[in-house]
Amino acid sequence: SMAFEHAFTGGQYIVTVGMCLFAFATIVAWYYYGEKCVEYLAKGNKLVKLGYQMIYTAMVYVGCVASLDVVWAFADLFNGLMALPNLTALLGLWPVIGGLSDDFFRDPHRIRPENADFSHLAPRREKG
């Protein structure tokens, strides 16, 4: 903010307002994203959705009143925990990744159409 203040009069206020708007937009966007994920995982269960709303609202409050060190520690923890479902998905998709990699390395110079269907590379699972 000091750089903006030195650049022109009132520059520090632009930074402050911009930071507040960014923080508010982030809180709203993460709430919406999380709510949609909870709706999907809970198959529309209203009680689970209400629980998410209450926990999220409580955590926003805690984030506002807690010390900065605690807030950063929780942010780091939960960002790290987001790796678990992603790594699990990568393990589950390993056969698909392997099939696509094999296809590419058989002929790396071949031009593949943008909307090509590579579903034949994925292993088939029997329903039942």
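The values are calculated or read from the model by the stated rules, or taken from the named source; none is laboratory data. A quick note: this is a predicted structure, and the numbers were derived from the prediction, not measured. Neighbour counts run over all protein chains shown; Cβ positions are idealised from the backbone, glycine included. Surface accessibility is based on the protein's heavy atoms, side chains included, excluding ligands, DNA and RNA. Shrake-Rupley method; radii C 1.70, N 1.55, O 1.52, S 1.80 Å.
A few notes on this one:
- Positive end of the dipole of the chain (Cβ unit charges, origin at the Cα centre): among L41, Y52, A73, the Cα lying farthest that way belongs to L41.
- Entry comment: accessible area of the chain is 87 Å² per residue, from protein heavy atoms only and a probe of 1.4 Å.
- For the chain, averaging the sequence separation of C-alpha pairs within contact (under 8 Å, six or more residues apart) and dividing by the residue count gives a relative contact order of 11 percent.
- Label-point separation, T26 to A89 (7 Å along Cα→Cβ), nm: 2.2
- Cα extents of region 39-108 along the three principal axes, largest first (Å): 57, 34, 16
- Scanning the chain for DSSP H helices at least 15 Å long along the axis (C-alpha atoms) with a Kyte-Doolittle mean no lower than 0.0 picks out 11-41, 46-65, 68-81, 94-106.
- Cβ-defined net charge surrounding Y40, 15 Å radius [Lys, Arg +1; Asp, Glu -1]: +2
- Accessible surface of the chain, 1.4 Å probe, proportion on carbon and sulfur as whole %: 70
- Max mean-square fluctuation residue, GNM over the chain, Cα-Cα springs under 10 Å, options C64, C37, C20: C20
- Cα radius of gyration and Dmax for the chain (Å): 22.9, 70
- Euclidean distance between Cα centres, region 57-87 to region 1-19, Å: 28
- When the alpha carbon coordinates of region 1-76 are projected onto the principal axes, the ranges are 53, 23, 18 Å, largest first.
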